[in-house]
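Enquirer: My questions all concern the structure below.
The values are calculated or read from the model by the stated rules, or taken from the named source; none is laboratory data. Bear in mind that the values here come from a model prediction, so they are computed numbers and not experimental data. Ideal geometry is used to build each Cβ from the backbone, glycine not excepted, and the neighbour counts take in all protein chains shown. Calculation scope for accessible area: heavy atoms of the full protein, side chains included, ligands and nucleic acids excluded. Shrake-Rupley method; radii C 1.70, N 1.55, O 1.52, S 1.80 Å.
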Amino acid sequence: MPPRQRSLRLFSLTSSTIAIAEAARVVALLDRRPTVGFEDVRTIAPDALRHRLVMSYDAALERTDAAQVIVALLAALDEVGGALPKGVRVDAT
């Protein structure tokens, strides 16, 4: 189970978005597919974002690591519409 929202912060830059896009293209090409699907993003995102997720002590006490949080967030995303999971908000800080 992912930690409560107050237990973590995600610092993501344009470079991480580019890294995910390019790595997802590589995954698709290695699978001999001409286009990238959300499954490719799902495959690469934990590795591309793990170091950008800062976990609080509360999250550590809950024994949750960054990869678990990223996988849970990706599972909650609407692949077609791109809506954020319910209860998730983006703060411009």
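Enquirer: Between residues in segment 19-38 that are farther than 20 Å from ASP78 by Cα and residues that are among the basic types (Lys, Arg), which pairs lie under 9 Å by C-beta distance while being six or more apart or on different chains?
Expert: VAL27/ARG33
Enquirer: Taking segment 39-63 only, how many residues are in a loop (DSSP other than H, G, I, E, B) and in contact with a strand residue (DSSP E or B) (Cβ under 7 Å, 6 or more places away or on another chain)? Step through it out loud before you land on a result.
Expert: Taking segment 39-63 first, the residues in a loop (DSSP other than H, G, I, E, B) are 56, 62-63.
This time we only want the ones that are in contact with a strand residue (DSSP E or B) (Cβ under 7 Å, 6 or more places away or on another chain), so: 56.
Selection size over segment 39-63: 1.
Enquirer: Do you know which residues across segment 23-38 are open to solvent by less than 90 Å² (accessible area, probe 1.4 Å) and assigned to a helix (DSSP H, G or I)?
Expert: ALA23, ALA24, VAL26, VAL27, ALA28, PHE38
Enquirer: Restricting to segment 43-68, give me the number of residues that are out of contact with any Ser or Thr (no Cβ under 7 Å at 6 or more places or on another chain) and closer than 20 Å to SER15 by Cβ.
Expert: Of the residues in that region, 11 qualify.
Enquirer: Now a separate question. Looking at (1) among the small types (Gly, Ala, Ser); (2) modelled with pLDDT under 85; (3) under 12 Å from the mean Cα position of the chain (by Cα), which is the one condition that is false for ALA45?
Expert: (2)
Enquirer: Can you find, within segment 42-55, the residue that is farthest from ARG25 (Cα to Cα) among those that are open to solvent by 40 Å² or more (accessible area, probe 1.4 Å) and of a type outside the set (D, E, K, R)?
Expert: Initial filter on segment 42-55 (open to solvent by 40 Å² or more (accessible area, probe 1.4 Å)): 42-43, 47, 50-52, 54-55.
Pick out the ones that are also of a type outside the set (D, E, K, R) and you get 43, 51, 54-55.
Details: THR43: 11, HIS51: 21, VAL54: 27, MET55: 29 Å.
It comes out as MET55.
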